[in-house]
1. Could you compute the net charge surrounding Phe109? Neighbours are other residues with a C-beta less than 12 Å from the C-beta of Phe109; K and R count +1, D and E count -1.
2. Got a sec to turn the phi values of segment 47-63 into Karplus ³J(HN,Hα) couplings, 6.51 cos²θ - 1.76 cosθ + 1.60 with θ = phi - 60°, whole Hz, x for Gly and Pro?
3. Tell me the angle of helix 78-91 to the major Cα principal axis of the chain, expressed in degrees between 0 and 90 and rounded to the nearest ten.
4. Once each part is reduced to its C-alpha centroid, what is the distance from segment 142-169 to segment 110-126 in angstrom?
5. Using only the Cα atoms of the chain, construct the convex hull and provide its projected area averaged over every direction, in square nanometres to one decimal.
6. Work out how much length Ala161 to Asn44 would gain on full extension: take 0.36 nm times their residue separation and subtract the Cα-Cα distance, in nm to one decimal.
7. Give a quick list of GluC sites (Glu not before Pro) in segment 1-105 that DSSP marks as loop, anything other than H, G, I, E or B, with at most 13 other Cβ atoms within 10 Å.
8. Rounded to the nearest 20 debye, what is the charge dipole size of the chain about its Cα centre when +1 sits on each Lys and Arg Cβ and -1 on each Asp and Glu Cβ?
Amino acid sequence: MSKEFISRGDEIYKPRLAQPGKDVIWVPTPSKLIAQTLEIAKVNENDLLFDLGAGDGYAVIAAARDHNARAVGIEFNPDMAALARRNVERAGVSDRVTIINGDILQEDFTQATVIFMNLRPELNRRLQPALSRMQPGTRVISIGYALEGCEPSDSVTADGATGYVWVVT
């Protein structure tokens, strides 16, 4: 199956660009930026990646498909979570990917070795205390916005957006 099989919707549900969510609006992360941030974060088969606000599931699918990582997506919108599950199934990675319909501020993601997120700055601020308590060596990928007061270890720009990577110490 092609790496570009995923549409941003299907016959059951078609998300709208900038549709409102609980704490965010939906803006899909460019697939090229997902690929490049997963590369610079050195995601591999030993990782458990959590995508906070998984949307259509593309980041967790790319982590499993291209890096053989295990991945969990947390998505608040039940229709979007169901779309992500269908995309995971279509991608053939359901043995390594789980999609949770839940709230990223309530779900436990402490076992992650990689965090992926494309969120607004105010939500990043709310998550920052939990992220700073992650196990040393955990990589945090943030799309679009840097974490306040933290110097990223690396960054990459693709398709007009920037992805930042930090390593928890």
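Only the coordinates and a few stated rules stand behind these numbers; no lab work does. This structure is a prediction, so every number in the text was calculated from the model and none was measured. Cβ sites come from the backbone with ideal geometry, for glycine too, and all protein chains shown count toward neighbours.
1. Working: positive: Arg133; negative: Asp51, Asp103, Glu107, Asp108.
Around Phe109, the surrounding residues sum to -3.
2. After applying 6.51 cos²θ - 1.76 cosθ + 1.60, I find 8, 10, 9, 10, 9, 8, x, 6, x, 7, x, 4, 5, 5, 5, 4, 4 Hz.
3. That helix lies at roughly 80 degrees to the long axis.
4. Computed from Cα coordinates, the inter-centre distance equals 11 Å.
5. Values: hull surface 34.9 nm².
Answer in nm², one decimal: 8.7.
6. Extra length available between Ala161 and Asn44 comes to 39.8 nm.
7. For GluC sites (Glu not before Pro) across segment 1-105 that sit outside H, G, I, E and B with at most 13 neighbouring Cβ atoms in 10 Å, the list reads Glu4, Glu11, Glu45.
8. 100 debye
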